[in-house]
Amino acid sequence: MSNEKKIFYAAQSQIVIDTISDKGEYIVKKKYIEQKYGEVASVMLKAYDWFVNRLEKNVPKPDAAEYPVWLYEDPKYAKVHVSQRMIKLEIPCDEILEFDNRKWERVLSQEYIGIDKDDERAFEEKMRRQGVDCGCKVFENSFYPILKRDIEKSWDRLFDINEKSIVQAASWIIKEEWIVDIFE
């Protein structure tokens, strides 16, 4: 176990902050996601379920946790809503899984993550030849199992971080002892 820690930020509602204060920690339950996203929760959960599978392979999962807490290396990407506050955290590296935020947007959109622009163009052409104009259409039915497999396999590139990446991370939990500061 490494003693190395990193600073990350999370925008959270007052109820989350109160839960941390009362229980010493906060974890995410599926029902919270369903409440937050309403009608589109099922689409979000497809991506979240895929991500949870990868997170479980890299970070030990507490029994009660169901989904990750999203964290940002740069606080400007945490997008604090008027009903939220920013939490600055110092988290042990073995409690987080880092990834590229821009690529995560592609996973949420159920799109292919290419090795480079040429690879992405080639995959788009492959879809067009099969009558599909975007990756999300592949997931609407069972007509495109090979395209679906290729898209999901490409999502592993989410974890390829480079100097151009907007670094995001996930943890199963926020622990009170990790909190450095809470501000507006």
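In terms of packing, defined here as the mean over residues of other Cβ atoms within 10 angstrom, the peptides 4-10, 14-20 line up highest first as 4-10, 14-20. Would you work out if region 1-89 is rounded, prolate or oblate? Take a ≥ b ≥ c from the square roots of the eigenvalues of the alpha-carbon gyration tensor; rounded if a/c is under 1.5, else prolate when a/b is larger than b/c, oblate otherwise. Because its axes are fairly even, with a/c under 1.5, region 1-89 counts as rounded.
Shown in residue order for region 64-72 are the 3J(HN,Hα) couplings computed by the Karplus curve 6.51 cos²θ - 1.76 cosθ + 1.60 at θ = phi - 60°: 7, 6, 10, 9, x, 9, 8, 10, 10 Hz (x for Gly and Pro). In region 35-126, what is the count of Lys pairs whose alpha carbons are under 20 Å apart, counting only pairs at least 8 residues apart or on separate chains? Counting lysine pairs in region 35-126 gives 12.
Rounded if a/c is under 1.5, else prolate if a/b is larger than b/c, else oblate: which is region 52-100, with a ≥ b ≥ c the root eigenvalues of its Cα gyration tensor? The shape class here is prolate. When the surface is traced with a 1.4 Å probe over the full set of protein chains, Tyr32 keeps roughly 90 Å² accessible. Can you bin the chain into rounded, prolate or oblate? Criterion: square roots of the alpha carbon gyration tensor eigenvalues sorted a ≥ b ≥ c, rounded for a/c under 1.5, prolate for a/b above b/c, oblate for the rest. Here the chain falls in the prolate category.
Would you check the accessible area of Lys137, probe 1.4 Å, heavy atoms only, in square angstrom rounded to 10? Using a 1.4 Å probe on the heavy atoms, I get roughly 80 Å². Taking the Cα centre of the chain as origin and assigning +1 to Lys and Arg Cβ atoms and -1 to Asp and Glu Cβ atoms, the resulting dipole is close to 520 debye. With only Cα atoms counted, region 106-166 has Rg and Dmax values of 11.8, 38 Å.
The values are calculated or read from the model by the stated rules, or taken from the named source; none is laboratory data. Computed from a predicted structure; not experimentally measured. For neighbour counting, all protein chains shown are included, and Cβ atoms are generated from backbone atoms with ideal geometry for every residue, glycine included. Keep in mind that these areas ignore ligands, DNA and RNA; they rest on the heavy atoms of the full protein, side chains included. Shrake-Rupley method; radii C 1.70, N 1.55, O 1.52, S 1.80 Å.
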